[in-house]
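These notes are about the structure you will find just below.
The values are calculated or read from the model by the stated rules, or taken from the named source; none is laboratory data. Just so we're clear, the structure is a prediction, and the values are computed from it rather than from any experiment. Counting neighbours? That spans all protein chains shown, and the Cβs are built from the backbone with ideal geometry, glycine included.
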Amino acid sequence: MQPNLEPIILSRTGTMIAHKSLKIIVTFTLALALLPFNAFAKADPQAEESKEFNPTDMIMHHIGDSHGWHFFGEGDSSFTLPLPVILFTDHGMVTFMSSEFHHDTEGQYVVEKDGMRFVNYHEDIYKLDAGAESVAFDEEHNVLNASKPWDFSITKNVAAMLLTVILMLIFFFGLAGHHKKNKNAPAGFNNILETLVLFVRDEIARPQIGEKEYMKFMPFLLTVFFFIWITNLLGLLPGAANVTGNIAVTVSLGLFTLALILINGNKDFWQHTLWMPGIPTFVKPILAVVEVLGLIIKPVALMIRLFANITAGHIIILSLIGLIFILESAGVAGISVPFALFITILELLVAFLQAFIFTMLSALFIGMAVAEHEHH
Amino acid sequence: MDLITPEVGLIFWQTIVFLVLMLILAKFAWKPILGAVRTREESINEALASAEDARKEMQNLKADNEKLLQQARAERDEILKEARQLKEKMISEAEGEAQKKADTIVAKAKESIEMEKRAAMADIKNQVATLSIEIAEKVIGKELSTEEKQHQMIDKMLNDATLN
């Protein structure tokens, strides 16, 4: 017993020291935070009463898509990058810049184009019926006096997506250029990129898909990995778009995986999905239903996982910052800013992790579809 | 809720953008990058294999060298041993011969000394005899001047002679 005591005592003292310093930090932060909190709480709240802060609207506005890229400011004085609005109506295609709405998202400002009138109501664009001045809704939020045209606008998310595309083209054309010029291993940033490319190849594609088939899927896996990762990271910048936290984006990415599974699934895969061998015949149709459901659920899980993880991270950060305005005290910043910073750093990890998981599971599902089964 | 309703426009753009990006990168980036990496890996593997071969060759050579060296060493030892033996033999032979020669010289010397001695003795004897005769003549001339003295002499000599 005697010799075993020493490490326990040592580790105890270690944790005690850690606890002590943590306690000091927490006490210090709380003291910092609560001192001004008391002072501000007594201040007159009537001054700000006219403009009530709605955290849900603020968060939804930040994580949702929009027709212009808003950076800072309010109303007409805000700094917003105008983006093209592309609409398909019954009378053909209509295009104009988002700045024509004059930062209005309440359906008040009417834009007239080609004899049609459009309003932007919470970033949904409606075509007003003849005679209507502003969009109106019934109790169930069904639109009464307008119709919704097909909206193929270059929204903030599309613009952010294109930014990722530009970055990826610069990065990987650079790396490819290096390889065209010389045979040596690249140095510096190109070396990092190559390491990541090799990571996708050796840790994701090769083990999941197998030596024989993996090269065929490398373009998809590499593109999806870097696209998600870079977009995730860009999404963490202030004022950036929440691209990978948008369900439409993840649906599209998930559909790519599903398409690859369906196109590349071999005979064995389809046999095991639709008519599982080696079981009683009456079970086969039941299992087929389960398998087909599983086939669809796999990419759906991919879509939801990426969307939910990224959106959740953004919501947490925005909520923490929103606390300052909900409690109407700058002192809350003493707590919520460090916490938001902590979550942001965590999000840096999540950005990589989600890109990795999406790519990994895509590779796994593809690998299952192309695997050569041993014949029983 | 807006959050979980996918917008068709965004799905469309995402699909188009992603597809185009994938095709462009596949052709102009992934293919050359992966190709170059594979070529490099192959060349590294080849280099490693050839290094391993060279190492083995080297080891063989080293072993051969070692063997040769050992052989050479053994040969040298053999030669040295032979030489030593030869030397010893020669020395011992020379010693034997020298001994023999010395012996003969000594023997000869002894012989000649003996001879000289004998010759000297003979000479001395002769001289003594001559002297004796001379002395004897003189003595006899004096002593044997009378008959009596002559007899006395003879008797005495006869006595001496028997004593000898």
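Figures for the structure shown
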{"item": "Identity of the residue in segment A:117-133, surrounded by fewer than 18 Cβ atoms within 10 Å (Cβ to Cβ) and of a type in the set (A, V, I, L, M), that ends up farthest from A:H70 (Cα to Cα)", "result": "A:A130"}
{"item": "Hits in segment A:334-349 - residues which are of a type in the set (A, V, I, L, M, F, W, C) and out of contact with any helix residue (DSSP H, G or I) (no Cβ under 6 Å at 6 or more places or on another chain)", "result": "A:V337, A:L341, A:F342, A:I345, A:L346, A:L348, A:L349"}
{"item": "Matching helices (runs of 4 or more DSSP H) fully within segment A:102-210 where at least 2 residues are more than 11 Å from chain B (Cβ to nearest Cβ) and farther than 24 Å from A:G235 by Cα", "result": "A:188-199, A:206-209"}
{"item": "Test: residue in segment B:42-56 that is hydroxyl-bearing (S, T, Y), assigned to a helix (DSSP H, G or I), in contact with a Lys or Arg (Cβ under 9 Å, 6 or more places away or on another chain) and without any contact (Cβ under 8 Å) to a residue 40 or more places away in the chain", "result": "yes"}
{"item": "Filter result for the condition that a residue is more than 30 Å from A:I63 (Cα to Cα), in contact with a Phe, Trp or Tyr (Cβ under 8 Å, 6 or more places away or on another chain), within 14 Å of chain A (Cβ to nearest Cβ) and free of Cβ contacts under 8 Å to residues at least 24 places away in the same chain, over B:F18, B:F28", "result": "B:F28"}
{"item": "Enumerated helices (runs of 4 or more DSSP H) restricted to segment A:221-331, each holding at least 3 residues that are in contact with a Pro (Cβ under 8 Å, 6 or more places away or on another chain) and crowded, with 21+ Cβ neighbours inside 10 Å", "result": "A:247-264"}
{"item": "Which numbered condition B:P6 misses (of (1) at pLDDT below 90; (2) loosely packed, with under 11 Cβ neighbours inside 10 Å)", "result": "(2)"}
{"item": "Any hit, segment A:130-144, residues being among the aromatic types (F, W, Y) and free of Cβ contacts under 8 Å to residues at least 60 places away in the same chain", "result": "yes"}
{"item": "Output for segment A:71-104, where each listed residue is surrounded by fewer than 18 Cβ atoms within 10 Å (Cβ to Cβ), of a type outside the set (V, I, T) and in contact (Cβ under 8 Å) with a residue 60 or more places away in the chain", "result": "A:F71, A:F72, A:L81, A:P84, A:F88"}
{"item": "Single condition A:K181 does not satisfy, out of (1) in contact with a helix residue (DSSP H, G or I) (Cβ under 8 Å, 6 or more places away or on another chain); (2) over 30 Å from A:H70 (Cα atoms); (3) surrounded by fewer than 19 Cβ atoms within 10 Å (Cβ to Cβ)", "result": "(1)"}
{"item": "Breaking point among (1) over 30 Å from A:I247 (Cα atoms); (2) within 11 Å of another protein chain (Cβ to nearest Cβ), for B:R76", "result": "(2)"}
{"item": "Pick from segment B:22-39, criterion of a type in the set (A, V, I, L, M, F, W, C) and under 11 Å from A:F172 (Cα atoms), ranking: nearest to the chain's Cα centre (by Cα)", "result": "B:I33"}
{"item": "Residues (more than 10 Å from chain B (Cβ to nearest Cβ) and of a type outside the set (S, T, Y)) located in segment A:211-221", "result": "A:E211, A:K212, A:E213, A:K216, A:F217"}
{"item": "Condition met for B:Q71 (at pLDDT 90 or above, surrounded by 10 or more Cβ atoms within 10 Å (Cβ to Cβ) and of a type outside the set (A, V, I, L, M, F, W, C))", "result": "yes"}
{"item": "Condition met for A:M93 (more than 29 Å from the chain's Cα centre (by Cα), at pLDDT 85 or above and of a type in the set (A, V, I, L, M, F, W, C))", "result": "yes"}
